[in-house]
Structures are given as structure tokens and as C-alpha cells.
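A.B. asks: Mind having a look at this structure? Questions to follow.
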Amino acid sequence: MGGEKAHALLLENLIEKTGGCAVVDGGFATQLEKHGASINDPLWSALCLIKDPDLIKRVHLEYLEAGADILVTSSYQATLPGFQSRGLSIEEAESLLEKSVKIAVEARDKFWVAKKRNSGHYYNRALVAASIGSYGAYLADGSEYSGSYGVDVTLEKLKDFHRRRLQVLVEAGPDLLAFETIPNKLEAQACVELLDEENIQIPSWICFSSVDGESAPSGESFKECLDIINKSNNVSAVGINCAPPHFILSLIQRFKELTDKAIVVYPNSGEIWDGTAKKWLPSKCFDDEKFVQFAPKWRDAGAKLIGGCCRTTPSTVRSISKVLKARKPVSNIRQIT
């Protein structure tokens, strides 16, 4: 039981240690592409687990240097059927999932050992969150932004789709689980039931996307979605990722009315992704200065974890980290190592 309690306290302690709001990293595929990676592929950033794992570690280190308190792994679009469709065996596919966690852990540990030598640093020992993208992310057809999975996709099918990936990722030893861009109530329920069925002891968060700033992409209300999540003791935080940043403040305020769980937000830059054409469309964007302006507002509205998603960079995270950590952090927090 002691180990289970320690796991449960990891996220809570990090939030307290950062003064009440921890910093999540930023856009992963965005940074891979900035370094020259070609990821226009159904596997997206997970392609680098096969082709260039050293680049993945480099990007993790860049976000740590920028002040991220939580690293999200490169497994968002890494799925067993996705890898198998490329001719990999099930054993090879599972090994790549494990690798996504191990690379992030190695980057975190390397960075932390170096920073501990300097007593004047302002960094925290980061936590590693294993990314679990939605079923729509695997389909690579933009349905994580519509929630339209079709009548053949049932609760049991979604649980079966996520189950083995969840097991492998947990066995690889992350500190957290991050279910990302969940587009509908059905998949939220699948995630909640799966955590219970698999007796997962590490903290998890479930993040939805939103295309209108009012509801889940499926059109279902967030109240419907959060009513399911609120019943779970296995989910520590809920929130929004990869939605336009100008939606975030009102969504935090809405979520505060609907849940007592910690709220996590990491919006994209405001650009719009065309899932059919597979390209970003011009739109009103937040630059780093805008994130500096709004991150404190999001924190003061109730967000406990703030970062960036697609089209944000280490520069964005550095800006968020500096403005959020300008206040003196809370001390005397019990350390769990």
C-alpha cells in the first residue's frame, strides 16, 4: 500500500512544489519537424521511435531546459496495430512503446543529475507522463476533432483497442498516464473503466479536445463527460489539450463548476489542423507573448497544470515557466523519490 500511496502523491506533490501550478511540455511533433524530421505519416511523431530515437531524447531535453515539470512521451500515435501495419511484429511494437517511456525517463534522469549539482537552479525533478492518444488519433483521419467513430465502435471495442497499449506503457514505468484529445463520452468511459479493470495505481489525466469552446467534439456536453470521470478514483486530473487557446479560460471556469479534480490545459497555438488534407490552416494564433499574458489568468482561474500542444515550442514553454514561477514556490513539501 505504501508504494500505491507514493504513486498517488507524485502529481499532488509536484503541483504543490511548483507553487500551485506545474508546467507541461509543448508541441512534440512541431519540434521534431523543426529539427528536420519528416513525420507526414500515419504514425506521426511515433515514426521517430523507429527512425531517430536520439532526436526524441533531444527534444525532451530541450523542454526540460525550458522549464517543463512534466514530459509527455512520444507515444501519442504509437499503437500496436499502427506499428504492425508497418510490418513490425507484436514484440517489436511493444518494444517501441516501452522505448517511448524509457527515452523520456533517461532524458529526465540525465537532466536532473546535472541540475542537482547546482544548488541555485529553479528546476524541479520532472515527471514522465505516458501519452495515450485517442482512437481517432490512431485512425489518422481527424476524428479526434469530431468524435465521429461510427456505430460499429462500441465501449468494448475502445477498451480492447487501448488495453494492451496501456498495459505495456504502465509496465515501462512512467510516473503518470495522459489520455489525450478524447473526443466523446464513450471513449472517456472506456478510459475510466479500463483504469479500474487493470487496477492502475499511477495517477492519470484525461484531456478532451474542443472545436467550439463549449462542448466535446462529438457535441456532447462536458458535464456528461465529467460526470463519468468524477466517479473514478484513478483519474487525478481532467482538462483540455490541442484546442485553440482563446477557448481555454472559459473552459477552465466551466470545468471548475463540474469537477473537484485538478485541471490541466495545454492548448495548441490556435492554428487549425485539416485532418483530411493533413496540413495546418492559417488562423488567429497565440505567440509566446500571448501565452505569457494568458497563462497566469488560466492559473488564477483554477488550472493546476499548464503547457502547450501542437505548434508550440520550447520557447513557449520557457515563457510559460518563467511567468508561472515568478511567484515564490511552496516549500516544505514531502519529497517522494
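The values are calculated or read from the model by the stated rules, or taken from the named source; none is laboratory data. Please read these numbers as outputs of a predicted model, since none were measured by experiment. Cβ placement follows ideal geometry from the backbone for every residue including glycine, while neighbour counts extend to all protein chains displayed. Areas reflect the complete protein model, heavy atoms only, side chains present, ligands, DNA and RNA absent. Shrake-Rupley method; radii C 1.70, N 1.55, O 1.52, S 1.80 Å.
A.B. asks: Please find, among Leu97, Leu71, the residue that is in a strand (DSSP E or B) and either in contact (Cβ under 8 Å) with a residue 40 or more places away in the chain or of a type outside the set (Ser, Thr, Tyr) (or both).
C.D. replies: Step by step, each of Leu97, Leu71 is checked, and only Leu71 is in a strand (DSSP E or B) and either in contact (Cβ under 8 Å) with a residue 40 or more places away in the chain or of a type outside the set (Ser, Thr, Tyr) (or both).
A.B. asks: What do you reckon, is Ser236 touching a strand residue (DSSP E or B) at 6+ places or on another chain (Cβ under 9 Å) and modelled with pLDDT of 95 or more?
C.D. replies: yes
A.B. asks: If the requirement is being small (Gly, Ala, Ser), surrounded by fewer than 24 Cβ atoms within 10 Å (Cβ to Cβ), in contact with a helix residue (DSSP H, G or I) (Cβ under 7 Å, 6 or more places away or on another chain) and under 21 Å from Ala22 (Cβ atoms), which of these qualifies: Ala104, Ala66, Ala114?
C.D. replies: Result: Ala66 is the single residue among Ala104, Ala66, Ala114 that is small (Gly, Ala, Ser), surrounded by fewer than 24 Cβ atoms within 10 Å (Cβ to Cβ), in contact with a helix residue (DSSP H, G or I) (Cβ under 7 Å, 6 or more places away or on another chain) and under 21 Å from Ala22 (Cβ atoms).
A.B. asks: Here's a follow-up. Every residue in segment 146-173 that is open to solvent by 10 Å² or more (accessible area, probe 1.4 Å) and farther than 26 Å from Ser215 by Cβ, please.
C.D. replies: Those that are open to solvent by 10 Å² or more (accessible area, probe 1.4 Å) and farther than 26 Å from Ser215 by Cβ: Asp160, Arg163, Arg164, Gln167, Val170, Glu171, Ala172, Gly173.
A.B. asks: Hey, another quick one. Only residues in segment 113-124 that are of a type in the set (Phe, Trp, Tyr) count as the first member; pair them with residues that are at pLDDT 95 or above and surrounded by 11 or more Cβ atoms within 10 Å (Cβ to Cβ), Cβ under 9 angstrom, at least 6 apart or cross-chain, and list the lot.
C.D. replies: Tyr122/Gly67; Tyr122/Ser321; Tyr123/Leu64; Tyr123/Glu65; Tyr123/Gly67; Tyr123/Asp69; Tyr123/Phe111; Tyr123/Trp112
A.B. asks: Additional query: Please give the number of the condition Cys207 fails out of (1) under 24 Å from Arg164 (Cα atoms); (2) out of contact with any helix residue (DSSP H, G or I) (no Cβ under 9 Å at 6 or more places or on another chain); (3) assigned to a helix (DSSP H, G or I).
C.D. replies: Condition not satisfied by Cys207: (3).
A.B. asks: For Asp54, state whether it is open to solvent by less than 60 Å² (accessible area, probe 1.4 Å) and either in contact with a Lys or Arg (Cβ under 7 Å, 6 or more places away or on another chain) or without any contact (Cβ under 8 Å) to a residue 24 or more places away in the chain (or both).
C.D. replies: no
A.B. asks: Please specify each residue of segment 162-203 satisfying the condition of being of a type in the set (S, T, N, Q), assigned to a loop (DSSP other than H, G, I, E, B) and closer than 24 Å to Ala140 by Cα.
C.D. replies: Of everything in segment 162-203, just one residue is of a type in the set (S, T, N, Q), assigned to a loop (DSSP other than H, G, I, E, B) and closer than 24 Å to Ala140 by Cα, namely Asn184.
A.B. asks: Then there is this: Please work out if Leu49 is within 19 Å of Arg125 (Cβ to Cβ) and buried (at least 17 other Cβ atoms within 10 Å of the Cβ).
C.D. replies: no
A.B. asks: I'm trying to understand the selection: among the residues of segment 35-65, which are among the acidic types (Asp, Glu) and closer than 21 Å to Gly142 by Cα?
C.D. replies: Matches in segment 35-65: Asp41 only.
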